[in-house]
Amino acid sequence: MADGSPNSHGRESIKTSVGNVASNRRRQHAVSIGKEKRDALVRAKRLCRAGISTETDVPYESEMMIDEQISILDAHTSSAVKALKTAVAYQGKGAMQKKVSALRELRRLLSRSEFSHVHIALKAGAVPLLVECLSFGSPDEQLLESAWCLTNIAAGQPEETRALLPALPLLIAHLGEKSSLLVAEQCAWALGNVAGEGEELRNVLLSQGALLPLARMLSPNKGSAVRTAAWALSNLIKGPDPKASTELMKIDGVLDAIVRHLKKADEELATEVAWVVVYLSALSNYATGILVKSDVLELLVQRLATSNSLQLLIPVLRSLGNLVAGDSLMTPRLVPGHETEGNVIAALGKCLKSEHRVLKKEAAWVLSNIAAGSIEHKRFIFASDVLPVLLHVLSTAPFDIRKEVAYVLGNLCVAPIHITGKPHLVVEHLVSLVEGGCLPGFIDLVRSADIEGARLGLQFLELVLRGMPDGKGPKLVEMEDGIDAMERFQFHENEDLRKMANGLVDKYFGEEYGMDE
């Protein structure tokens, strides 16, 4: 199943099941991105705005009640659909211009983001009329206005987006080379909104052949149509089924376009392409295998080091983390002797110092996967300027970021798992981190209600208890109230945590503990 779900990367974390967890987290990351993009970064659906006709505009600064404004605009929308129906039926002189004028008026009303009139347009029967106006042989101006109306209907509520099902075959067909660039871009925008609605509609689009023509639109070197196509593709392949990501990577020219845009494109286009890489690297083994053989890693690192755009840095970091977690060939390229090694650690350190919490969290995710590499990777990070930053973030950042940083620090202290099932200790790293003050941060994780965080804290305590020289571990844990933190699991409902905590307390703080003193 080389084309199926993500593979298991050997991320030798202090977590017991780290090999499976790394790939699962890649998939979870990918599936969760949709909401993050919609809410904070690049919306999964995008309204195509336009200037408002003065004849139908309602002044917002008037004393008219808000519901009266809505009522009037709803009436205008219903009238616009009726006017379009009349124009479509008209066969006399100037018929085309009548249709275009009616379409433009409806488009202007549907472009109002303050109030939604989509349901009124649908109730009045707009979609069949718009589908008819999309018929082949129609003038470009008519096609553009029709696709624009459909774009904004697709930006509505889920049931409103689903109303576009009859229009999808024609929207896809107009992506072809025989269509003008403006028409193709507007159709791609509408399809991107449909794909952004969810898996069901994505599957419909894929079954109707939307992937190939959208992929071909990536070929030009620049332009808003390329950006729109990349955005629509990121919505179309976002999963959770990896099949679309795999199929996209098999299309001739796609990899070359990705590399070219990451290397030369402006930040807006590079951002949309980076989101495509996010889903490719998160969902498809096949795509990841192709990407790791290209220049994508170096280009992502270069973007990370040189850009200050939050919108670009988020998908760049996510892609880097996915690639490093997803293929063991990537991580060796981040050690001394490779041209990316200095840039990537410095750039990740920059992100960890950022005021944006999502940058901190994603940077820690990337570092945790690098830290899970060879002993050279661990030493490289350990000797860098990023280590003090990690220790500071562990004690000051919000919980979710502290948990990611804890993965990094924990990975620095363990080498590949021993035949006994326990990880080898990198004692010098463990001693230095404990002396640097990391222990309270891990004990705070033990006290948390988060199961994953608590397990992470307990596993680090096991390293300290077992590995600190001269048997100092138990005393250090006791001084930070670690015993009390572990004893809260004495009757915990989670069996794994209960056994782990009770076992540590029994082994290191049993009846004979402190007798030497």
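The values are calculated or read from the model by the stated rules, or taken from the named source; none is laboratory data. Quick caveat: nothing in here was measured; it's all calculated off a predicted structure. Neighbour counts run over all protein chains shown; Cβ positions are idealised from the backbone, glycine included. These accessible areas exclude ligands, DNA and RNA; they are computed on the full protein's heavy atoms, side chains included. Shrake-Rupley method; radii C 1.70, N 1.55, O 1.52, S 1.80 Å.
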Legend entry - Residues (closer than 16 Å to residue 325 by Cα, open to solvent by 30 Å² or more (accessible area, probe 1.4 Å) and touching a residue at least 40 places away in the same chain (Cβ under 8 Å)) located in region 257-297: 285, 286, 290
Legend entry - Qualifying residues in region 298-312 (those that are in contact with a Ser or Thr (Cβ under 6 Å, 6 or more places away or on another chain) and open to solvent by 10 Å² or more (accessible area, probe 1.4 Å)) - the one farthest from residue 237 (Cα to Cα): 298
Inset, instruction - Report those helices (runs of 4 or more DSSP H) wholly inside region 193-236 carrying at least 2 residues which are free of Cβ contacts under 8 Å to residues at least 40 places away in the same chain. - result: 199-207, 211-216
Inset, instruction - Go over the candidates 488, 447 one by one and state the one that is of a type in the set (Lys, Arg) and under 18 Å from residue 398 (Cα atoms). - result: 447
Inset, instruction - Could you please find all residues in region 215-239 being within 19 Å of residue 199 (Cα to Cα) and surrounded by fewer than 23 Cβ atoms within 10 Å (Cβ to Cβ)? - result: 239
Inset, instruction - Go through region 433-475 and count every residue that is within 19 Å of residue 492 (Cα to Cα), touching a helix residue (DSSP H, G or I) at 6+ places or on another chain (Cβ under 8 Å) and open to solvent by 10 Å² or more (accessible area, probe 1.4 Å). - result: 9
Legend entry - Qualifying positions in region 240-256 - in a loop (DSSP other than H, G, I, E, B), open to solvent by 40 Å² or more (accessible area, probe 1.4 Å) and in contact with a helix residue (DSSP H, G or I) (Cβ under 7 Å, 6 or more places away or on another chain): 240
Legend entry - Flag if residue 430 is more than 30 Å from residue 346 (Cβ to Cβ), assigned to a helix (DSSP H, G or I) and open to solvent by less than 50 Å² (accessible area, probe 1.4 Å): no
Inset, instruction - Filter region 159-180 for residues that are among the aliphatic types (A, V, I, L, M) and in a helix (DSSP H, G or I) and give the result. - result: 165, 167, 168, 170, 171, 172, 173
Inset, instruction - Spot the failing condition for residue 156; the list is (1) buried (at least 22 other Cβ atoms within 10 Å of the Cβ); (2) modelled with pLDDT under 95; (3) not in a loop (DSSP other than H, G, I, E, B), and only one is missed. - result: (3)
